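Here's the structure, in structure tokens; my notes come after.
The values are calculated or read from the model by the stated rules, or taken from the named source; none is laboratory data. Being a predicted model, the structure only gives us computed values, none of them experimental. Quick reminder, even Gly has a Cβ in these numbers, built from the backbone with ideal geometry, and neighbours come from all protein chains shown.
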Amino acid sequence: MVKKAKASAVAAPLVSKINIGISEKDRSAIAGGLSHLLADTYTLYLTTHNFHWNVTGPMFNTLHLMFMAQYTELWNAVDPIAERIRSLGHAAPGSYAQFGALTSIKDAPAVPPKALEMVRILVEGHEAVARTARGIFPLADKAADEPTADLLTQRLTVHEQTAWMLRSLLEA
């Protein structure tokens, strides 16, 4: 007969208090901002991938390939954002419901728009993600959170440059 283990022997291991030089209050605020950034990034990824699948017209090949490069970059961005949230001691959001509640980006239209409307929607999306990232800087600066500031700088560079390149397609 197998003996049952005592309750104390099977208790969950203790988690040590996080002491990285950033207060819990600041870590919580930064993680909250990064959760919005993660939701915006994931939502923009989904929209861009959708447009990659559904683009048509004379610019098909150019946009199809451009959208693929963009959604691949976005896909590769979500993990570092989520891992930074975890490094700060908080759970990263990961469900459609959570992303829907946290994102500042509108969902992609149910009926795929024309190619240039797709481009316009993506410009707005990249600008929105840039605004979200920029809004977290004061929190990171206040807490001297250089890793988050570095992540935000990288994301801003990508989103501002991508928005510029997409806007260039809309000029007559």
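A compact table of results
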| quantity | calculated |
| --- | --- |
| Residues that are among the hydrophobic types (A, V, I, L, M, F, W, C), in a helix (DSSP H, G or I) and surrounded by fewer than 19 Cβ atoms within 10 Å (Cβ to Cβ), drawn from segment 47-66 | Trp53, Phe60, Leu65 |
| Candidate set: segment 140-172, residues that are small (Gly, Ala, Ser), surrounded by fewer than 21 Cβ atoms within 10 Å (Cβ to Cβ) and more than 17 Å from Leu63 (Cβ to Cβ); chosen: the one nearest to the chain's Cα centre (by Cα) | Ala149 |
| Subset tally (residues that are β-branched (Val, Ile, Thr) and over 20 Å from the mean Cα position of the chain (by Cα)) for segment 21-78 | 4 |
| Helices (runs of 4 or more DSSP H) enclosed by segment 67-172 - at least 1 residues per element that are among the acidic types (Asp, Glu) | 115-142, 146-170 |
| Neighbours by Cβ (under 6 Å, 6+ apart or cross-chain): first from segment 78-92, over 17 Å from Ile18 (Cβ atoms); second at pLDDT 95 or above and polar (S, T, N, Q) | Val78/Thr41 |
| Residue within segment 88-100 that is buried (at least 20 other Cβ atoms within 10 Å of the Cβ) and more than 14 Å from Ala31 (Cβ to Cβ) present | yes |
| Check on Leu102, at pLDDT 95 or above, touching a helix residue (DSSP H, G or I) at 6+ places or on another chain (Cβ under 8 Å) and closer than 19 Å to His159 by Cα | yes |
| Sole exception among (1) aromatic (Phe, Trp, Tyr); (2) out of contact with any Leu (no Cβ under 7 Å at 6 or more places or on another chain); (3) surrounded by 14 or more Cβ atoms within 10 Å (Cβ to Cβ) for Phe137, by number | (2) |
